[in-house]
Amino acid sequence: MIQQNPASPTPRWLLRDELTQAPEPVVLEWLFHEDSLTRRLTRLSHDGFSVAPQFEGWQTLRADECSALQLPEGSEGWVREVYLQGHGQKWVFARSVAGRQALEHDGLHMDELGTRSLGELLFSDRAFTRGPLQICQYPQEWLPNADTAHGLWGRRSCFTRGGLSILVAEVFLPTVWHAIDQAADFNKERH
């Protein structure tokens, strides 16, 4: 479980048109790709995709999460932290949160997902609509200890269905960029 360090600064989450300094094109393309990241990673891994849950439970949400979900600061919500993996290698750290009251009234059982991808659920249920993607350089204090690194790009978006909002944040680890580069090199060699 990741506990927010109160001293860590809250990042400024930016929409694509708010970027003053954009990451390199391949990074930008992955960060703002609208389709399911689960599907994209499954293709990249040639069906070697898996989800490794790290933490699930009720927790006080961070201030930036409360703001994005339009909840009072200090609200409690369900937190799910997982690694999205390719062939057992951690590629993306994902943190999904939903406000307690909305989740309990909706009847979605995030606590029963296990190793199933939340993204798979959200993209297969047409009742969910996805809000705009926002990106930032994710604070290293918010990452699992084994993967703390400065300057990792993360993205987030809010999925809504009726009164339920689920905020999904995905942080791209260096290993996924390596896999993307390898796939690009392989495709160049084939053509």
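The values are calculated or read from the model by the stated rules, or taken from the named source; none is laboratory data. The shown structure was predicted, so the numbers you read here are calculated from the model rather than taken from an experiment. FYI the Cβ positions are ideal-geometry reconstructions off the backbone, even for glycines, and counts take in every protein chain you see. For accessibility, only protein heavy atoms count, side chains too; no ligands or nucleic acids. Shrake-Rupley method; radii C 1.70, N 1.55, O 1.52, S 1.80 Å.
Listed peptides 10-20, 43-53 appear in the order 43-53, 10-20 once ranked by packing, highest mean of other Cβ atoms within 10 Å at the front. More than 12 angstrom separation, counting every C-alpha pair in region 12-62; what % is that? Here the long-distance tail beyond 12 Å is 76 percent of all Cα pairs in region 12-62. Compared with the dominant principal axis of the Cα atoms in the chain, helix 174-190 is inclined by about 40°.
A helix-only calculation puts the chain at -7500 deg cm²/dmol for mean residue ellipticity at 222 nm, using -39500 (n - 2.57) for each DSSP H run of at least four residues, averaged over all residues.
Rolling a 1.4 Å probe over the heavy atoms of the protein chains gives the chain an accessible area of 52 Å² per residue. The simple spin-label model puts a point 7 Å past each Cα toward its Cβ; for T20 and W58 those points are separated by 4.2 nm. Take each peptide in 108-114, 119-125, 75-81, count the other Cβ atoms within 10 Å of every residue, and average; sorted highest first, the result is 75-81, 119-125, 108-114. Residue-normalised convex hull volume from the C-alpha trace of region 64-191: 139 Å³ per residue.
The share of accessible area on region 1-100 that comes from carbon and sulfur is 48 percent, using a 1.4 angstrom probe.
Taking the highest mean first, how do the peptides 92-103, 168-179 order by number of other beta carbon atoms within 10 angstrom per residue? Numbers along the way, then the final one.
Details: 92-103: 21.8, 168-179: 19.4.
Ranked by mean Cβ neighbours within 10 Å, highest first: 92-103, 168-179.
Return the FRET efficiency for the residue pair D35, T175: r is the Cβ-Cβ distance, R0 is 22 Å, and the value is rounded to the nearest 0.05. Write down the numbers at each step before the final one.
On the way: r = 21 Å, r/R0 = 0.95.
E(calc), rounded to 0.05, equals 0.55.
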